[in-house]
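Remarks on the structure that follows.
What follows draws every value from the coordinates through simple rules; no lab data is involved. Since the model is a prediction, treat every value here as computed from it, not as a measurement. Counting neighbours? That spans all protein chains shown, and the Cβs are built from the backbone with ideal geometry, glycine included.
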Amino acid sequence: MKFGVLVFPGSNCDHDTYNVIAEVARQPVEFLWHDSEDLKGVDAVLVPGGFAYGDYLRTGAIAHFSPVMQAVKRFAAGGGLVLGICNGFQILTESGLLPGALMRNAGLKYICKQVHLRVETTNSPFTNQFKKGQVLQIPIGHMEGNYFCEPEELKRLEREDRIAFRYATAKGEITAAANPNGSLSNIAGILNEGRNVLGMMPHPDRSSEALLGSADGWGIFASMLQMQGLGTRG
């Protein structure tokens with residue numbers, strides 16, 4: 001399974017994401033530069049964290065217009081797998097690939113710490129290796145992770161089982177205290193209508209090896225590999 005990792009001016013988690021695929025998944029992977037529409041025949045696109053174009057205007061706003069994102073939109077429309085992590089999630093909402101928006105954290109402070117997530121659905125190419133209700137420990141590192149959408153959109157996400165992860169306690173309880181950024185309904189990650197695009201604020205790229213303090217994020221990449229019949233370690 002061939003992966004592509006997008007690189008924008010200001011990306012700083014591109015090498016972390018690349019490392020997971022090359023060294024942990026042991027799958028072919030290429031960097032995809034922001035000013036090219038050539039996705040080089042990849043089977044999945046990873047939109048990494050960072051500060052694309054310096055986060056000028058609004059997080060993800062300029063990246064939306066980049067040539068590579070025009071190609072990614074066509075790729076997603078054709079059913080290709082797209083995973084956006086942190087700034088990648090912000091870019092996917094700005095690009096219209098996911099609904100809603102990521103606003104400044106409640107409290108207006110940058111947050112970098114380990115959090116717990118509860119798996120809300122296993123019905124996706126990104127979560128099929130988890131159990132519904134499973135609690136994961138995955139780090140966050142963001143200033144604009146406060147997810148918001150209109151009430152009708154939230155009802156639709158819930159009705160269509162498109163909320164992938166929620167911030168939770170270590171016991172899996174969905175509480176205000178477990179919500180690090182004020183995100184609506186404790187949402188940490190969502191899916192598109194076709195279930196082939198996932199955006200999430202926590203970093204599975206920083207939690208796919210026990211050496212990093214948690215390997216719980218590996219399940220997201222393992223799920224993608226499982227869709228291609230490649231097992232959990234490539």
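What is the sum of charges around P180, taking Lys and Arg as +1, Asp and Glu as -1, for the other residues whose C-beta is under 11 Å from the C-beta of P180?
Taking every other residue near P180 into account, the sum is +2.
If you put +1 on each Lys and Arg Cβ and -1 on each Asp and Glu Cβ, how big is the dipole of region 3-227 around its Cα centre, in Debye rounded to 20?
Dipole about the Cα centre, nearest 20: 560 debye.
Determine the relative contact order of the chain: mean sequence separation of Cα pairs under 8 Å and six or more apart, normalised by residue count, in whole percent. Provide the component values of the computation, followed by the final result.
Working: 566 pairs, mean separation 46.0, N = 234.
Result for the chain is 20 percent.
Using all alpha carbons of region 45-93, what is the percent of pairwise distances in each 10 Å bin, ordered from the shortest bin to the longest?
29, 58, 13, 0
Using Cβ counts within 10 Å as a stand-in for footprinting exposure, how do C86, C13, C149 rank, fewest first?
C149, C13, C86
Report the full-extension gain for the segment L211 to D161: residue separation times 0.36 nm, less the Cα-Cα distance, to one decimal in nm.
Once the chain is fully extended between L211 and D161, it gains 14.7 nm.
Run the numbers for E153 and R26: contour at 0.36 nm per residue of separation, minus the present Cα-Cα distance, in nm.
The E153-R26 span can extend by a further 41.9 nm.
If R0 is 35 Å, what FRET efficiency do you get for K131 and Y110 from their C-beta distance, rounded to 0.05? Mind showing how you got there, number by number?
Values: r = 32 Å, r/R0 = 0.92.
So, using R0 = 35 Å, E works out to roughly 0.60.
Given the options H203, L46, W33, identify the residue whose Cα lies farthest towards the positive end of the charge dipole of the chain (+1 on Cβ of Lys, Arg; -1 on Cβ of Asp, Glu).
H203
Please compute the Kirkwood hydrodynamic radius of region 175-234 from all pairs of different C-alpha atoms, in Å with one decimal.
13.2 Å
Taking region 129-228, how much of its Cα-Cα pair set, in percent, is spaced more than 17 angstrom apart?
For region 129-228, the share of Cα pairs beyond 17 Å comes to 54 percent.
Run lengths n ≥ 4 of DSSP H only: what is the helix-derived mean residue ellipticity at 222 nm for the chain, with -39500 (n - 2.57) per run over all residues, to the nearest 500? Write out the running numbers ahead of the final one.
Numbers: 5 runs with 44 residues, N = 234.
Rounded to the nearest 500, it is -5500 deg cm²/dmol.
My understanding is that a pair violates if its Cα-Cα distance is over 30 Å; which of K131/K155; K2/K109; K2/K132; K132/K155 do that in this structure?
Over 30 Å apart, Cα to Cα: K2/K109.
How big is region 1-109 by the Kirkwood estimate over distinct Cα pairs, in Å? It would help to have the intermediate numbers written out before the result.
On the way: mean 1/r = 0.0723 Å⁻¹.
One over the average 1/r among Cα pairs gives 13.8 Å for region 1-109.
Equivalent-ellipsoid semi-axes (√(5λ), Cα gyration tensor) for region 3-227, whole Å, largest first?
23, 20, 17
DSSP beta bridges in region 3-227, what fraction antiparallel, as a percent rounded to 5?
Numbers: 23 of 39 bridges.
Of the beta bridges lying entirely in region 3-227, close to 60 percent run antiparallel.
Using a cut-off of 15 Å between beta-carbons, work out the net charge of the residues near N87 (Lys and Arg +1, Asp and Glu -1, N87 not included).
That works out to -3.
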